[in-house]
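Nothing in this text is a laboratory measurement; each read-out follows from the coordinates by a stated rule. Fair warning: this is a prediction, and the values are worked out from it, not measured in the lab. Here Cβ is always computed from backbone atoms with ideal geometry, including for glycine, and neighbour counts include all displayed protein chains.
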Amino acid sequence: MTLSAQDVVEMLRAAGEPTRLRILALLARDELAVMELSQILDQSQPRVSRHLKLLTEAGLVERCPDGAWVFYRAATGERGGKAVQYLLPLADPADVVFARDRERLEAVRRTRLTEAAAYFARNAARWDEVRSLYVSEDAVEAAIVAAAGPGPYRRLIDLGTGAGRMLTLLGERAEQALGLDLSQQMLNVARNHLAEAGLNRIDVRHGDIFDTGLPDGSGDLVVVHRVLHFLSEPAAALAEAGRLVAPGGRLLVVDFAPHDHEELRVAHQHRRLGFSTDEIEHWLTAAGLKPSPAVSLPPDPAALTGADRGLTVMIWGGHRLLADRNAA
């Protein structure tokens, strides 16, 4: 794809300012909110917002509204993405300003992790209770079992396993099963639950959903259960999950439909307020999987009070065709 001369001029003009180039470099590394960019750049939020407006209008940055928050990321489409891929390598990554920005970005990431870890530590012992606040777990788990299929599974992989509920729910159908999580407190709870269920052969260990270190095609059932809404880069997590799906295998994603419960950001560290089916299916397709029909599980109206609309749980699936033996 080639760009018009005017497009090129507009992109160069947008990127050709020190702060905007710094913003572009940061957004190529992580999806960030205005507040986070303001902290990293040590500039006011209105000033950062003006820079983001120009970069967005030029097609170099994508704006991602999410409830009352807005996240920004470097363009990934054919038009803006190619321009970003060409422009950023021209700048020396060892430049002192870029290096300082990367250090501050890491500080922001550490803060996110610290807050999430503190939340998980506080709630590890009652994690199942927290997950069942908004919708019937019996109905959700029955739908997950139906979506997973009868098995047996050669290997089940549960990413962000938390208290290990998916492992106890599906583990008996798997010849091997593995759960990964970054929280040692959650892993301890999972081990207890698995022991109580008599599933001592199932392995749970510390692992990063973005970089599992597992080989391609490691599992014929991969599960991401109510994890994406905590993540700053859910698309990257699904790309890694999709990579693990073996030919003929499937990926199950369980999370919330879009909602407006802003209080969950502070009370429960939710970074994203749900996901649309179009968004999830786009990520599944990008991971080389064929999406399955989505399952929607709205809350029981009788359990709601006042204006509360509750949360709808969604189950999305994608499978890798048997013919894709070189893809996994």
What is the helix-to-structure angle for 78-87, meaning the angle in degrees between its Cα long axis and the longest Cα principal axis of the chain, kept from 0 to 90 and rounded to the nearest 10? 60
Go through region 271-278 residue by residue and turn each phi into a ³J(HN,Hα) via Karplus (6.51, -1.76, 1.60, θ = phi - 60°); whole Hz please, and just put x for glycine and proline. 8, 10, 9, x, 9, 8, 5, 4
Taking Cα atoms only, helix 234-243 is inclined relative to the longest principal axis of the chain by an angle, in degrees rounded to 10, of 60
Nearest 20 debye, what's the magnitude of the dipole of region 127-319 about its Cα centre given +1 on Lys and Arg Cβ and -1 on Asp and Glu Cβ? 420
What number in nm² do you get for region 5-91 if you take the convex hull of its Cα atoms and divide its surface by four? 5.4
Quick one: net charge of Glu106's neighbours, Cβ under 14 Å, K/R +1, D/E -1? +3
Once R0 is set to 45 Å, what does the formula 1/(1 + (r/R0)^6) return for the Cβ-Cβ distance between Asn188 and Ala5, expressed as a FRET efficiency to the nearest 0.05? 0.15
Using the Karplus equation 6.51 cos²θ - 1.76 cosθ + 1.60 (θ = phi - 60°), what ³J(HN,Hα) coupling, rounded to whole Hz, does each residue of region 184-196 give in order, writing x for Gly and Pro? 5, 4, 5, 5, 5, 5, 4, 4, 5, 5, 5, 5, 5
Expected max-MSF residue from Leu55, Leu156, Leu88 in the GNM of the chain (alpha carbon, under 10 Å) is Leu88
Can you give me the long-range amide H partners of Thr161? Hydrogens built in the peptide plane at 1.01 Å from N, cutoff under 5 Å, separation of 5 or more residues or another chain. Leu180, Asp181
Beta bridge orientation in region 181-328: antiparallel %, DSSP, nearest 5: 65
Would you mind getting me the FRET efficiency between Asp216 and His268? Use the beta-carbon distance for r and R0 = 35 Å, nearest 0.05. 0.55
Calculate, in nm to one decimal, what Glu78 and Arg102 gain on full extension: separation in residues at 0.36 nm each, minus their alpha carbon distance. 6.0 nm
Rank Glu36, Glu233, Glu17 by mean-square fluctuation in a GNM of the chain with C-alpha springs under 10 angstrom and give only the top-ranked residue. Glu17
From phi via Karplus (6.51, -1.76, 1.60), per-residue ³J(HN,Hα) for region 158-168 in Hz, x at Gly/Pro: 10, 8, x, 5, x, 7, x, 4, 5, 5, 6
For region 166-265, run through the trypsin sites (Lys or Arg not before Pro) and keep only the ones in DSSP coil with at most 14 other Cβ atoms within 10 Å of their Cβ. Arg201
Summing -39500 (n - 2.57) over the DSSP H runs of n ≥ 4 in the chain and dividing by its residue number, what mean residue ellipticity at 222 nm do you reach, to the nearest 500 deg cm²/dmol? -13000 deg cm²/dmol
So for Asp66, Asp95, Asp211, fewest C-beta neighbours within 10 Å to most, what's the order? Asp211, Asp95, Asp66
Estimated FRET transfer efficiency (Arg50, Asp203; beta-carbon r; R0 45 Å; 0.05): 0.35
Cα centroid separation, region 153-210 to region 229-248 (Å): 17
Bin all alpha-carbon pair distances of the chain at 20 Å intervals from 0 and give each bin's fraction as a whole percent. 29, 55, 16, 0
By the gyration tensor of its Cα atoms, with a ≥ b ≥ c the square roots of the eigenvalues, what is the shape of region 156-245: rounded for a/c under 1.5, prolate for a/b over b/c, or oblate? oblate
Based on DSSP, what percent of beta bridges with both residues in the chain are antiparallel, to the nearest 5? 50
